[in-house]
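What follows is one structure encoded as structure tokens, with my remarks underneath.
We did not get these values from a lab; they are worked out from the coordinates using the rules stated. Not measured: the values here are computed from a predicted model. Cβ sites come from the backbone with ideal geometry, for glycine too, and all protein chains shown count toward neighbours.
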Amino acid sequence: MRIIIVHLLALLFISNAYSETTLRWWQFWTDPAVKPTIESMVKEFEQANPDIKVELTDLTWANGHEKIVLAFSSGTAPDIVELGSDWIAQFADNEQLADISDDIIKDSSQFQGWGMATYKGKIYGFPWILGTRVIFCNRDLLTKAGYDTTFLPVTIAEFKKSALEIQKLGDDIYGWGSNTAERHRLYKKFLPFFWSAGAQLFTDDGKYCVISSTMGVEGLRLYHDLHKYAGYVANQRGIEDAFLDGKIGYIMSGDWLLKRIKLENRKINLVSTLVPGPKYPGWSFLGGEFLCISASSPNKEAAMKFIRFMTSPENQIRFCKANYSANPSSLKAQEDPFFTSNEHFQTFISQIKLSKHPPVIPEWVYIEDIIEEAVEESLFKTDLVAEPLRIARQKIQKIIDEKK
């Protein structure tokens, strides 16, 4: 009997010694060019940590947010979930994300983007891949418009004037690519001009909306005038098609355009530059993808270990090479020759330092809609500038007041 008990205890000890933790990770990178790299990283992590298994689930941008909401509300959320920066406040406010502030103190100076994951003084996500917008120029059209080969618009005045000069070339040539009323996209094009004009959405204490300030009106007027007097109007894909076909002088876009040019072997005399400002380069829009831990996860320590692995400089470089993207959150990764040897990637890395993100508040999804309605009103309906922003201010202020 003693022998049987000893054997049972030995088996129990062995079982506990080799117990395996399963981490469930939901992520959005399903692109065939990127997914194998993601899978390879997961496999390497499992090999280095034989007591941890990672169960990978793919999400789509079409319904991923809905699935995440349902998972959190039903208590079936994964251990780790990839979240867009503008989603973090929603889940943090519902106490569905783990506070990782104490886990990243040593990392804070080595990565960018923490502000987008900070809600009420606590950090709820680890920045992975960031995203911003820069100005792309067709050098051939600038030259035809009378500008020398060294010209780049630094100020808003230079940018507007050169766009109008390109517009004068005629023959189906346009100075600026202007977005149609695309939801979740139009406001990202408008806010860089708004911020670069010196405007802000709220007072510093967040209590009052000031979107309709003199500077805010100035920012929308610039965007409106580019649209009206030099704009080729289409959705984002249509704008990029026309730009790559040589019909547009300037567009604002992300690093996905560089990937498209490479994949399609497009031939265009391309120049990239920072968003212009009143006297110096202005501000662009900042977003990003974050790795977050579910507040209900029983495997938080293992989850953080995996997140550190995926966001390491080496793995960010691998990811960006696979995706041909320019915006790692790791400052060390940005020093890799893959980025430093590419002039367009350098434009994006420089622009990240001159980028702003929307306020991290759960109400942002509603405020975003109001801003887009105001821009649409100005561009496609009334032709006014100040009035749409005044109405937007009233609507946004009501949301803020109801929150108090």
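Details
- Excluding same-chain neighbours fewer than eight residues apart, the lysines reachable from LYS262 by a Cα-Cα span under 21 Å are LYS35, LYS247, LYS321.
- Estimated at 0.36 nm per residue, the fully extended path between ASP140 and ASP369 surpasses their Cα-Cα distance by 78.7 nm.
- Each peptide in 295-302, 177-184, 90-97 was scored by the mean count of other Cβ atoms within 10 Å over its residues; highest first, the order is 90-97, 177-184, 295-302.
- Residue order, fewest to most surrounding Cβ atoms within 10 angstrom, among LEU23, LEU220: LEU23, LEU220
- Taking a quarter of the surface of the Cα convex hull of segment 263-399 gives a mean projected area of 13.2 nm².
- Estimated translational D of segment 340-387 in µm²/s (Stokes, Kirkwood radius over Cα pairs; 4 °C; 1.567 mPa s): 95 µm²/s
- Magnitude of the charge dipole, the chain, Cβ model with Lys/Arg +1 and Asp/Glu -1, debye to 20: 460 debye
- For segment 260-303, average projected area of the Cα convex hull in nm²: 7.2 nm²
- Comparing ILE156, PRO127, THR143 along the charge dipole axis of the chain, the residue lying farthest to the positive side is THR143, per the Cβ-charge model.
- Charge sum, other residues only, whose C-beta stays under 15 Å from ASN269's C-beta, Lys/Arg counted +1 and Asp/Glu -1: +1
- Between SER108 and ASP171, residue separation times 0.36 nm minus the direct Cα-Cα distance comes to 17.5 nm.
- Descending Cα extents along the principal axes, the chain, whole Å: 97, 51, 34
- When the trypsin sites (Lys or Arg not before Pro) in segment 241-299 are filtered for DSSP coil states and for at most 10 other beta-carbon atoms within 10 Å of their beta-carbon, the remaining sites are LYS267, LYS279.
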